[in-house]
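Since the structure comes first, as structure tokens, the remarks are kept for the end.
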């Protein structure tokens, strides 16, 4: 059997993400992490941003005040994604900077105030000598 066919692939729900078009999506560990993330949060679909006019369909004011005050830029909130959850459970937002959030980061206070938590697995790239690349998440009610 060809070993290439036995590699774990990511769920098709992630196909339209920036991550999926990066080389990181070839990493089996990250594919497993992404698939587990989908199950853990009962993900229905990715929410896409339409030309910065209706941020992920959640309304500009709410989005800036409750989810990502840096929007539409994403320096601290690097690799930002929003997913809709099944069963009207709302949404989950994630971002994965190349380093853990530090008190010196511009949006550190907002991240704490907004209630983002460090996710137990990396969803963007695997840690290495140069970066730890954690993922942070927030549950957003409908």
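Before moving on, here are some points about what is shown:
- Some residue of the range 111-118 being under 25 Å from residue 16 (Cα atoms) and part of a loop (DSSP other than H, G, I, E, B): yes
- Scope the range 64-103; condition within 15 Å of the chain's Cα centre (by Cα) and outside any loop (DSSP other than H, G, I, E, B); matching residues: 67, 81, 82, 83, 84, 85, 91, 92, 93, 94, 95
- Selection within the range 74-123: residues that are in contact with a helix residue (DSSP H, G or I) (Cβ under 6 Å, 6 or more places away or on another chain) and surrounded by 21 or more Cβ atoms within 10 Å (Cβ to Cβ). The member of this set that is nearest to residue 44 (Cα to Cα) is 82.
- Where a residue in the range 92-120 is on the phi > 0 side of the Ramachandran plot and its partner, wherever it lies, is surrounded by 13 or more Cβ atoms within 10 Å (Cβ to Cβ), with Cβ under 6 Å and at least six apart: 115/138
- The set of residues in the range 21-44 that are at pLDDT below 95, surrounded by fewer than 16 Cβ atoms within 10 Å (Cβ to Cβ) and within 15 Å of the chain's Cα centre (by Cα) comprises 21, 22.
The values are calculated or read from the model by the stated rules, or taken from the named source; none is laboratory data. What you see is a predicted model; the values in this text were computed from it and never measured. Please note: Cβ atoms are built from the backbone with ideal geometry, for glycine as well, and neighbour counts cover all protein chains shown.
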